[in-house]
Amino acid sequence: MLPIFYSEMFLQHQAGMGHPESPQRLTAVVNALRTAPWAEQLDWRSPTPLRQRDVIPWLETAHDPAYVKLVEAMSHEGGGRLDADTGVSVASYDVARLAVNAWLDGVTVVLDTGRPAFVLARPPGHHAVRQVGMGFCLFANAAIAAHYALTQPGVNRVAIMDWDVHHGNGTQAIVETNPQIAYCSTHQFPCYPGTGAATERGWHQNVLNIPMPPGSAIADYEQVWQDQVIPFLTHWQPDLLIISAGYDANAADPLASVCLEPQDFGQFSQSCLELTPKVLFGLEGGYHLEALAQSVMTTLEPCLSIADQA
């Protein structure tokens, strides 16, 4: 069985009327997964309730405590905006903390079983920097999960692979000073947020950015995965591989200009699983509902045989 961490509470975060980061993103994926031919192979799990884990110390591994308090206060006061793109609603603080719990639970189950899992949560996180959220993101889920993983037995090195079409500026800024965490990103350039140059290598040669020009398709990605991504991750030899699984690099997506198709993400997933079965996938972007749902399905398909191994 393949664990899927999900809660209907994730639908309660509201980024604003007409905002592309909408609850419908999750409902589209859930509907697709529940009607998939292999739906019975999915193990739907609820995240650890907020009352059962104090998630604040984990938030503060990535964020300034004053920022965490700002999101809390903004939610309690009825909501507001962190920037023009990033809204906070009444439920957002609790939803974002529960999303972090889901990522932490995902780390735990992957390390306990040695097999993959998927976190189907929102809001996304890879643009959230230490002092503030931005780019639809409130808390840096992947970076927090990586810090949490390093506290678990037998984990000395963690890698984060970010295949979202936008560079994960927040993730990189938070982890690049840590010699135990590597960050690799393929992203459209030029594109929001304008970071992610190939010259950025981290404090410990632990960052690999691969800017992709608009119009890039699977043949272009296959080349960079073969020549750069796989060698970088193989050299790192992670005890856990975390995937910032964004799906806005689809040709159908309205927010960028990369020309991947949903089945291409299955190819990325397979490549990651060949490096290690200890892979935690967590949702980032993806704003064309059908392409998003199909892309998640193709990501999960290579995981199913591994997940069913005793």
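The values are calculated or read from the model by the stated rules, or taken from the named source; none is laboratory data. In this text the structure is predicted, and so the values were computed from the model without any measurement. Positions of Cβ are generated from backbone atoms using ideal geometry, with glycine treated the same way; all protein chains shown enter the neighbour counts. To get the accessible areas, we keep the full protein, side chains included, count just its heavy atoms, and leave off ligands, DNA and RNA. Shrake-Rupley method; radii C 1.70, N 1.55, O 1.52, S 1.80 Å.
Looking only at region 262-293, residues that are among the acidic types (D, E) and buried (at least 18 other Cβ atoms within 10 Å of the Cβ) come to 2 in all. Residues in region 131-145 that are over 9 Å from the mean Cα position of the chain (by Cα) and not in a loop (DSSP other than H, G, I, E, B): M134, C137, A143, I144, A145. Evaluate region 229-240: report whether one residue or more is buried (at least 22 other Cβ atoms within 10 Å of the Cβ) and part of a strand (DSSP E or B). There is at least one residue in region 229-240 that is buried (at least 22 other Cβ atoms within 10 Å of the Cβ) and part of a strand (DSSP E or B). Taken over region 10-35, the criterion of being assigned to a helix (DSSP H, G or I) and out of contact with any Phe, Trp or Tyr (no Cβ under 8 Å at 6 or more places or on another chain) is satisfied by F10, L11, Q12, Q24, T27, A28, V29, N31, A32, L33, R34. Whether any residue in region 57-74 is surrounded by fewer than 21 Cβ atoms within 10 Å (Cβ to Cβ), aromatic (F, W, Y) and modelled with pLDDT of 95 or more is what I want to check. The answer is no, given that none of the residues of region 57-74 is surrounded by fewer than 21 Cβ atoms within 10 Å (Cβ to Cβ), aromatic (F, W, Y) and modelled with pLDDT of 95 or more. Which one of these does V296 not meet: (1) of a type in the set (A, V, I, L, M, F, W, C); (2) over 23 Å from Q172 (Cβ atoms); (3) open to solvent by 20 Å² or more (accessible area, probe 1.4 Å)? Exception for V296: condition (3). Here is a check on your reading of the model: is N141 surrounded by fewer than 24 Cβ atoms within 10 Å (Cβ to Cβ) and touching an Asp or Glu at 6+ places or on another chain (Cβ under 9 Å)? Against the criterion (surrounded by fewer than 24 Cβ atoms within 10 Å (Cβ to Cβ) and touching an Asp or Glu at 6+ places or on another chain (Cβ under 9 Å)), N141 does not qualify.
Need a quick list: helices (runs of 4 or more DSSP H) entirely within region 54-113 having at least 1 residues that are among the polar types (S, T, N, Q).
Of the helices (runs of 4 or more DSSP H) lying wholly inside region 54-113, those with at least 1 residues that are among the polar types (S, T, N, Q) span 65-76, 92-113.
Take the residues of region 40-62 that are of a type in the set (D, E) and within 20 Å of the chain's Cα centre (by Cα): which is nearest to A143 (Cα to Cα)? Here the answer is E60. Just one residue in the set A146, A173, A217 is surrounded by fewer than 24 Cβ atoms within 10 Å (Cβ to Cβ), within 20 Å of L59 (Cβ to Cβ), in contact with a helix residue (DSSP H, G or I) (Cβ under 9 Å, 6 or more places away or on another chain) and small (G, A, S); that residue is A173. Please go through region 272-291 and give me each residue that is part of a helix (DSSP H, G or I) and touching a helix residue (DSSP H, G or I) at 6+ places or on another chain (Cβ under 6 Å), ordered by number. L273, L275, L289, A291 - these are the residues of region 272-291 that are part of a helix (DSSP H, G or I) and touching a helix residue (DSSP H, G or I) at 6+ places or on another chain (Cβ under 6 Å). Checking the stated criteria, R157 turns out not to satisfy the condition of being open to solvent by less than 10 Å² (accessible area, probe 1.4 Å) and in contact (Cβ under 8 Å) with a residue 40 or more places away in the chain. Only residues that are among the polar types (S, T, N, Q) and under 20 Å from A140 (Cβ atoms) were counted across region 225-266, and they come to 1.
To keep it simple, each residue is scored yes or no on (1) in contact (Cβ under 8 Å) with a residue 24 or more places away in the chain; (2) farther than 17 Å from S295 by Cβ; (3) under 20 Å from the mean Cα position of the chain (by Cα).
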position	(1), (2), (3)
Y183	yes, yes, yes
E222	yes, no, no
Y247	yes, no, yes
P254	yes, no, yes
Q267	yes, no, yes
